[in-house]
1. Which aspartates and glutamates, on any chain, are close to Lys6 with Cα under 20 Å apart, when same-chain ones fewer than 8 places away are left out?
2. For a test of the definition: using alpha carbon positions, the gyration tensor, and the 1.5 limit on a/c, classify the stretch 159-203 as rounded, prolate or oblate.
3. Relative contact order for the stretch 112-209: what percent, with Cα pairs under 8 Å and sequence separation of 6 or more?
4. Is the C-alpha gyration tensor of the stretch 66-169 telling us rounded, prolate or oblate? Criteria: a/c under 1.5 is rounded; beyond that, a/b larger than b/c is prolate, otherwise oblate.
5. Assign one of three labels to the stretch 123-250, namely rounded, prolate or oblate, based on the Cα gyration tensor with a ≥ b ≥ c the square roots of its eigenvalues; rounded applies when a/c is under 1.5, prolate when it is not and a/b is larger than b/c, and oblate otherwise.
6. Principal axis extents for the stretch 114-159, Cα atoms only, whole Å, descending order, please.
7. Can you work out the Karplus-derived ³J(HN,Hα) for every residue in the stretch 26-33? Use 6.51 cos²θ - 1.76 cosθ + 1.60 with θ = phi - 60°, whole Hz, and x for glycine or proline.
8. For the stretch 45-143, give the percent of accessible area contributed by carbon and sulfur heavy atoms, probe 1.4 Å, rounded to a whole number.
Amino acid sequence: MSTSEKLQLDVWKGDWGLASIDTDCLQVLAYARFNGIPLKVNATNNPFKTPNGQLPVLRTKFTSLDKVNDIIQYLNKLNYNTSKSDSTEHGEIIAYSILLKDKLYPAMQFIWWLDQKNLNELIRPWYCQAVPFPFNYYYPSKFENQAKTMIETLCPTEDNMAVIENKVYSEAQKCLTSLSIKLGDSKYFLGSSPTLLDAIVYSYLAPLLKTPLPNPPLQNHLMACTNLVKFVTRISQKYFRDEYQQYERIKAEENAKKNRKDSQTEFPNKRRNQILAGLFAVVAMVGYALLTGKLEVPIKDNKTINLFK
């Protein structure tokens, strides 16, 4: 198959230094970047225009694919230096892919769509702004209902949301710990260069790490796994350099602006405190002088009188 074939990938747009905020979209993007596969990326943010109402969608000259496995298989058939894995590595890729889907993905769905603080303060407003009208009213509710259905399927006999949350987060934490142990001190999971497994893991960990969640308990556990944090940062800096640097620049500008504002707010108060401190010092010195008899007051006949003698 010709490498000159024009490939277009429709995805959810990126934010917070991510090339896409969606796990499936990010997996395809990472895999393509790892293997130098050129794609024209379209941040459509509108699954309604896709064949089956979901993103990502890979559009070729002859067909459209909207399942991640089908897209990856198609990219594998292209004549690029795609990394090949032996049977053992292939088995590990499948095993860890299932682990992430069964243990980490439900927790991420809970964090985004069922945690009311995260949903109301960040997630719903983000989608309402990103998705074109009138679909911005439809898709957030749709995704929320899908998350509810998933959690109800996982915990069919439990009605207490706090119990469900603890169970889901506990399984996710174990998953993150397993990933951390597997990675160890290595740069990548299956050798010296990134493979499909790294693309899969990155697609889960990067949104969990980078999304500025108001309520971040699982995010905190991930941040404690320092080798996983370095893994995400390493891939972001090397394969998503533009997105990473742009976001870091924006953060730096926002911090500088905040510091200037704080300084401007602090200056009048600091000046006032300095004046008050000076006045207090003068009063204290005068009082001390009067009490110790060192301050004398002149009277009319050119005599002086010590006020405390």
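1. Cross-link targets: Asp66, Asp70.
2. Prolate.
3. Averaging sequence separation for qualifying contacts and normalising by length gives 13 percent for the stretch 112-209.
4. oblate
5. Taking the square roots of the gyration eigenvalues as a ≥ b ≥ c, the stretch 123-250 is oblate.
6. 38, 19, 10
7. 5, 4, 5, 4, 5, 4, 5, 5
8. C and S atoms contribute 52 percent here.
The values are calculated or read from the model by the stated rules, or taken from the named source; none is laboratory data. All figures in this text were calculated on a predicted structure; none of them were measured in a lab. We place every Cβ from the backbone using ideal geometry, glycine too, and count neighbours over all the protein chains shown. Heavy atoms of the whole protein, side chains included, go into the accessibility calculation; ligands, DNA and RNA do not. Shrake-Rupley method; radii C 1.70, N 1.55, O 1.52, S 1.80 Å.
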